[in-house]
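In what follows, a structure is listed as C-alpha cells, so that the remarks can point back to it.
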C-alpha cells in the first residue's frame with residue numbers, strides 16, 4: 001500500500017504542509033475503498049505525480065514547500081523569540097522589519113549625496129509638478145512619511161540651492177516652493193542608486209508577488225486611516 005505521507009512532487013517521504021492544502025494532491029491520494037480506483041470527479045484534476053504535469057507546476061510546488069517550511073524562521077532569529085501572539089502580530093512585525101530595511105537603505109543613499117530621505121521625498125514631490133510649485137500643505141499631503149517640520153526641511157533645501165520659494169501667479173498671497181535646476185540635477189545623479197532597491201527587490205520576488213504585496217498593504221493602511 002502506498003505511503004499516504006509521501007509527497008509525489010518534492011519526492012519526500014514526509015508529506016509537506018503544502019500538500020495537505022493542495023487539492024490536486026488530495027484528489028490523487030483519494031481512492032475508492034471498494035474498487036481502489038480514483039473517483040470520477042478526481043480523475044478530471046491533474047495528479048501531483050502525473051508525468052504530463054507542466055514542469056512549471058512542479059517547480060512552483062517545490063518552491064512553495066520550501067517557503068512554507070522556513071516561513072517565520074528569519075523573524076524568530078532576528079527578534080530571538082520562538083513564538084508570536086498571533087499570525088497578525090507576526091505579519092505586523094515582518095512589515096516593520098522590512099520597512100526598516102528599506103528606510104535605512106534609502107537614508108544611506110541620501111546621506112552619500114548630502115541630504116536626508118525626507119528631503120529627497122520633498123524634491124521628488126516638487127519634480128512631479130515642475131516647472132510649477134507646491135504649497136506647503138500640498139507637500140505635506142504627498143509625503144511618504146509624516147515629517148515633524150516640513151518648513152525646516154524646505155528651508156534646508158533652499159539654503160542648499162535645491163529649491164526656492166515664490167508666489168502663486170493665481171493668488172499672490174500663496175507661497176509656493178519650486179525645485180531648482182540644481183535640485184533636478186541632484187535627483188538625476190541619485191537615480192541609479194535609488195533604482196538599485198527596485199532591482200534588488202525584483203531579484204527576490206516576482207511581479208505578481210509585488211502586486212499582491214501592494215494590494216495587501218493598501219488594504220491594511222486604507223482600512224486603518
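The values are calculated or read from the model by the stated rules, or taken from the named source; none is laboratory data. Computed from a prediction, not measured in an experiment: that's the story for all the values here. We place every Cβ from the backbone using ideal geometry, glycine too, and count neighbours over all the protein chains shown.
General observations
- Among the residues of the range 154-182, the ones that are at pLDDT below 95 and surrounded by 15 or more Cβ atoms within 10 Å (Cβ to Cβ) come to 0 in all.
- In the set 135, 147, only one residue is more than 12 Å from residue 183 (Cβ to Cβ), assigned by TED's automatic domain parsing to the domain that holds residue 166 and within 23 Å of the chain's Cα centre (by Cα); that residue is 147.
- Residue 115 being surrounded by 18 or more Cβ atoms within 10 Å (Cβ to Cβ) and under 30 Å from residue 96 (Cβ atoms): yes
- Any chance residue 185 is closer than 19 Å to residue 109 by Cβ, surrounded by 15 or more Cβ atoms within 10 Å (Cβ to Cβ) and either touching a helix residue (DSSP H, G or I) at 6+ places or on another chain (Cβ under 7 Å) or at pLDDT 95 or above (or both): no
- Qualifying positions in the range 96-125 - in contact with a helix residue (DSSP H, G or I) (Cβ under 8 Å, 6 or more places away or on another chain) and farther than 30 Å from residue 158 by Cα: 97
- Some residue of the range 143-152 being surrounded by 12 or more Cβ atoms within 10 Å (Cβ to Cβ), closer than 24 Å to residue 92 by Cα and without any contact (Cβ under 8 Å) to a residue 24 or more places away in the chain: yes
- A search for C-beta distances below 9 Å between a residue of the range 93-114 that is on the phi > 0 side of the Ramachandran plot and any residue that is at pLDDT 95 or above and not in a helix (DSSP H, G or I), counting only pairs 6+ apart in sequence or on different chains, returns 114/160.
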